Amino acid sequence: MRTLVDIDDDDLKALNDLAATKNVSRASLIRKAVSAFLEQSSVDDRSQAFGLWGNRKVDGLAYQEEIRGEW
């Protein structure tokens, strides 16, 4: 699929130079960069923030009521 992105002139020149050095297309370099970024930013990293109470043996509602009872 094609997509449109804005890349500043310095980065575009660097991409062109690297593509020429490696004898590959600029698009190929961009695809590889996006793939590497997505692999590095996997869902596992993001999901670590969710379900923090999953391993606790406490009922969340009971805990909430207990804490609020201290007010």
Val58 being at pLDDT 85 or above, of a type outside the set (Lys, Arg), more than 21 Å from the chain's Cα centre (by Cα) and not in a helix (DSSP H, G or I): no
Residue count for the stretch 12-45, restricted to those that are modelled with pLDDT of 95 or more, exposed (fewer than 10 other Cβ atoms within 10 Å of the Cβ) and assigned to a helix (DSSP H, G or I): 1
Pairs, first without any contact (Cβ under 8 Å) to a residue 12 or more places away in the chain in the stretch 56-71, second open to solvent by 100 Å² or more (accessible area, probe 1.4 Å) and assigned to a loop (DSSP other than H, G, I, E, B), C-beta under 9 Å, six or more apart: Gly60/Trp53; Tyr63/Trp53; Tyr63/Arg56
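The values are calculated or read from the model by the stated rules, or taken from the named source; none is laboratory data. Predicted model, so just to flag it, every value in this text is computed and none were measured. Here the Cβ is made from the backbone with ideal geometry for all residues, glycine too, and neighbour counts use every protein chain on show. Accessible surface is based on the protein model in full, side chains and every heavy atom, while ligands, DNA and RNA are left aside. Shrake-Rupley method; radii C 1.70, N 1.55, O 1.52, S 1.80 Å.
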